[in-house]
Amino acid sequence: MAIKKRAISVLKNIRQNKRRYLLNKSIKMDVKSSIKAFKSNEKEGKEASFEKLKLSFKKIDKAAKKGIFHKNKAARLKSKLSKRASTIV
């Protein structure tokens, strides 16, 4: 028999991993898009860009809380965005 029979638990684990991968990928893409929105919105004005910054921080924190980003990576991303926001006039 060329194909080995797999245990039911292994097949379930494969399904779970695929589901988790897709969920994590969607959250990562959501964070990236919010960061892009902040960066592209810098020229709009201070208030609008700070609203986008708050939204980005919120999404980064949620991703870190869920374990999608390491807490140090989340802090690093937020620090970069804060530095960029401080240059907005």
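Give me the number: length gained by fully extending K54 to K36, i.e. 0.36 nm times residue separation minus the C-alpha to C-alpha distance, one decimal in nm. Could you put the intermediate results ahead of the total?
Values: separation 18, 0.36 × 18 = 6.48 nm, distance 1.32 nm.
Full-extension gain reported as 5.2 nm.
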Just want to confirm a number: the relative contact order over the chain, from Cα pairs under 8 angstrom separated by 6+ residues, in percent.
24 percent
Hey, which lysines would be in cross-link range of K71, C-alpha to C-alpha under 18 Å, not counting anything within fewer than 8 residues on its own chain?
K25, K28, K32, K54, K58, K59, K62, K80
In deg cm²/dmol, rounded to 500, what helix-only [θ] at 222 nm does the chain give when every DSSP H run of at least 4 residues adds -39500 (n - 2.57) and the total is split over its residues?
-27500 deg cm²/dmol
Here the gain from full extension of N13 to S79, 0.36 nm per residue of separation minus their alpha-carbon distance, amounts to 20.1 nm
Keeping all protein chains in position, work out how much accessible area R15 exposes to a 1.4 Å probe, and write it in Å² to the nearest 10.
130 Å²
Give the span of the chain's Cα atoms along each principal axis, as three whole-Å numbers ordered largest to smallest.
69, 22, 18
From phi via Karplus (6.51, -1.76, 1.60), per-residue ³J(HN,Hα) for the stretch 20-31 in Hz, x at Gly/Pro:
5, 4, 5, 5, 5, 5, 5, 5, 4, 5, 5, 5
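The values are calculated or read from the model by the stated rules, or taken from the named source; none is laboratory data. If you're wondering where the values come from, they're calculated on a predicted model, not measured in any experiment. These accessible areas exclude ligands, DNA and RNA; they are computed on the full protein's heavy atoms, side chains included. Shrake-Rupley method; radii C 1.70, N 1.55, O 1.52, S 1.80 Å.
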